[in-house]
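A.B. asks: Handing you this structure, nothing more for now.
Each reported figure results from applying straightforward, stated rules to the coordinates on display, with no laboratory input. Since the model is a prediction, treat every value here as computed from it, not as a measurement. For neighbour counting, all protein chains shown are included, and Cβ atoms are generated from backbone atoms with ideal geometry for every residue, glycine included.
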Amino acid sequence: MDCIVVNNVKSARRGKEVKKLLRKQLKASHILLKHEGISTASQPTKNLVVANGGLGNGVSREDLSAAMKQFGDVESLFMPPQKPYAFVTYRSEDDARKAHTQLNGQKLQSGENSVALYLSYVDSVKHNEEVLVHFPEGLALVEDFVSPEEEALLLAAVDWSTSNQAQKALKHRRVKHYGFEFRYDNNNVDKDKPLPAGLPEECLPVLRRCLQDGHINVLPDQLTVNQYATGQGIPPHIDTHSAFEDTILSLSLGAKTVMEFRHPDGRVVPAVLPERSLLVMKGESRYLWTHGITPRKFDLVPACETQSADHSEPDLGSHGGLTLSKRGTRTSFTFRKIRHEPCCCAFPSACDSQGGSSPCPPSQPSLPSCHADATRLEDEYVHRVYDAIASHFSSTRHTPWPRVCHFLSSLRPGSVLADVGCGNGKYLGVNPQLITVGCDRSSALVQICAERGFNAFVSDALSVPLRTDSCDACISIAVIHHFSTQERRLAAVRELVRLLKPGGQALIYVWAYEQEYNKQKSKYLKDHNKPQNGEKTKAKPEEAQEPHEEPSILTTSHLDNNYTGGLKDDSKMTEGKLSVHTNRTAFNSQDLLVPWHLKGRKTRGEEEFSSGLHTANNPDSKLSPSVDTSQVPGGSSVPVFHRYYHVFQQGELEQLCIEVTGVKVQTSYHDQGN
């Protein structure tokens, strides 16, 4: 009798555990469906999705693979980067069923992480196409450049116990200089003050081999040794042009890491730097691309490192073959040659010797005096800029304006809509009952539209290749203010009207000169949200002070008789030059250049920067003067692009519209905030 009671208790306990496990499985399935769009199957298949078993959970490929192989032959293991799940395909459905039964709810120990796995069946596994990412031009990686014995000799040559002027403990790493000290206060070197000790003798055999192999043509005279503990990194930067000659060598010792190279157009190339490898940076990769190391304890690296001997591309495009690599203490030896003449490189936008670090564009433009001047101004300070910043710009333009959405929703189903100056296409999918087409002068933004599945083509807003009277509605959102003369702005409105059918409607947004309307200040102004009555507020990051949130917008409205036209007094304009606007402040003139700081995504609190401007379609073309760079601590060059704007005074847009025959302005309002 007692035995039966005990068995019943154990059975009840097992029943509760099974129910609890089923609840957690069901919850995991709901989360995968809701957040990732992954539908699980009710019947057994060869394919399993493993919730909590992803790289994003700190689970390595090796540990998960070992756990899965206990139950049969694994055909494939796909681990998407940064995701908290993985996909496993077995050769037989029976093996998948065994894993599903025995692994569900079990703990997996992977390094320092312990996670509970929840498995569900899926009908199929969709692998992302592998993208081959080429190294930047001039970048080469030579693996096993030094032997383990040479590595030990080089590491022993650095005496961290002695503290002197050329040794510093920075926030993210330890640094020691030889030959010349790199000064972080001005991101340069004192070329007339060499350090007493030259480069360590242990470096000479390595440098002679670099000379012999053709990586350099002159021996370096400056060495910076950086030591990174686990989890430390260095902000993205470009080594100061005026300080050092072209070729830069970086030797990785002690541990491997992943260094990210970033182009001004947003392209990112991660490069795995194995222990004892030599990185050679020349030309474009040295002068234009930023390089940096994100501070983190684990890197995503190829599971089987097969980085080719020709050093042409890394293997991080193969998402399914990634695993986690725990960082160790890495010491880098960076060899450089001091420059004694101004830099004359082909990348003046990122070059401090050629004015690249000035607060204004190297050649500050003037207001156009003729049609040719206007087209040149818009080409350099509008078209080229948007092509260069397209990726970053698109990432800041994700939420449609509510009142634009209301306009689009008010249109009849089946209406034909043209979005002239569509940008990344964020309005093309607002109302799926419309037939929509977009156009933009930026081919890079049109490409983003295409990737999102929208119909869009490259076109100038002054000459749209659509039939006259073909559209029920047109929108022009934050476009016309980029035209630099009154005649061209009027022509842009006429082109919108030409596209409209009789009775059609157009909605036009432009930036407003007045950033205070009806006694209410625009959210764009920096002091709009000042704390009241001693209330404390957190400091905003630099990016929040840039015009990624647009200023107050003026839309088409009834004619305001108070409009007098003409320019406001421009206290900043000198000798007819366009002034550079200070972001998040009131406008001082109607015609100005608005800075755009090109930044990458923020990863784990580390802000990534890129530098310079290079036209993507023609690597030999000259660089646009519409970008300059400013310096941030650590020698990083932050690119600042300048976009031309004509900000509209109250009543000016209405006056512009009614100059076009047949146009009736219906409504007017100020809008603000993205």
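A.B. asks: What is the extension gain from residue 667 to residue 326, computed as 0.36 nm multiplied by their sequence separation minus the C-alpha to C-alpha distance, in nm to one decimal?
C.D. replies: So the chain would gain 116.7 nm between residue 667 and residue 326.
A.B. asks: Of the listed peptides 237-245, 45-53, 650-658, 98-106, what is their order by residue-averaged count of other C-beta atoms within 10 Å, with the highest listed first?
C.D. replies: Descending mean neighbour count gives 45-53, 237-245, 650-658, 98-106.
A.B. asks: Moving on to the next point. So what's the net charge close to residue 429: Lys and Arg +1, Asp and Glu -1, counting the other residues with Cβ under 11 Å from its Cβ?
C.D. replies: Spelling it out: positives minus negatives among the neighbours equals +1.
A.B. asks: Calculate the spin-label point distance for residue 435 paired with residue 201, positioning each point 7 Å from the Cα along the beta-carbon direction, and give it in nanometres.
C.D. replies: Using points 7 Å along Cα→Cβ, the separation is 8.3 nm.
A.B. asks: Say the dipole of region 23-121 comes from +1 at the beta carbon of Lys and Arg and -1 at that of Asp and Glu; which of 85, 72, 110 then lies farthest toward its positive end?
C.D. replies: 85
A.B. asks: Test of understanding: what is the full-extension gain from residue 144 to residue 69, defined as 0.36 nm times their sequence separation minus their Cα-Cα distance?
C.D. replies: 23.7 nm
A.B. asks: Between residue 62 and residue 462, take the C-beta separation as r, use R0 = 60 Å, and let me know the FRET efficiency to the nearest 0.05.
C.D. replies: Result of the calculation: an efficiency of 0.55.
A.B. asks: Sticking with this structure for a sec: Cα gyration tensor of region 33-72, axes a ≥ b ≥ c as square roots of the eigenvalues: rounded (a/c below 1.5), prolate (a/b > b/c) or oblate?
C.D. replies: Oblate.
A.B. asks: In addition: Using the Cα centre of region 23-121 as the reference point, and only Cβ charges (+1 on K/R, -1 on D/E), how large is the resulting charge dipole? Debye, rounded to the nearest 20.
C.D. replies: So the magnitude is around 360 debye.
A.B. asks: Residue 344 versus residue 267, label points 7 Å from Cα toward the beta carbon: distance in nm?
C.D. replies: Roughly 2.8 nm, to one decimal.
A.B. asks: Further question: Quick one: which residues, 5 or more positions from residue 261 or on another chain, have an amide H under 5 Å from its amide H? H modelled 1.01 Å from N in the peptide plane, none for Pro or chain starts.
C.D. replies: 269, 271
A.B. asks: With a Förster radius of 35 Å, plug the Cβ-Cβ distance of residue 159 and residue 102 into 1/(1 + (r/R0)^6) and report the FRET value to the nearest 0.05.
C.D. replies: Result of the calculation: an efficiency of 0.05.
A.B. asks: While we're here: Assuming R0 = 41 Å, what is the FRET efficiency of residue 658 and residue 450, from their Cβ-Cβ distance, to the nearest 0.05?
C.D. replies: 0.65
A.B. asks: What distance in nm lies between label points placed 7 Å from Cα along the C-beta direction at residue 398 and residue 494?
C.D. replies: 4.1 nm
A.B. asks: Indicate the gyration tensor shape class of region 23-121 (rounded, prolate or oblate), computed on the Cα atoms with a ≥ b ≥ c the square roots of the eigenvalues: a/c under 1.5 is rounded; otherwise a/b larger than b/c is prolate and the rest oblate.
C.D. replies: rounded
A.B. asks: Turning to a different aspect of this structure: Sorted by mean Cβ packing within 10 Å, highest first, what order do the peptides 372-384, 189-201 take?
C.D. replies: 372-384, 189-201
A.B. asks: Take the alpha-carbon centre of region 472-510, take the same for region 55-107, and report the distance between them in whole Å.
C.D. replies: That distance is 56 Å.
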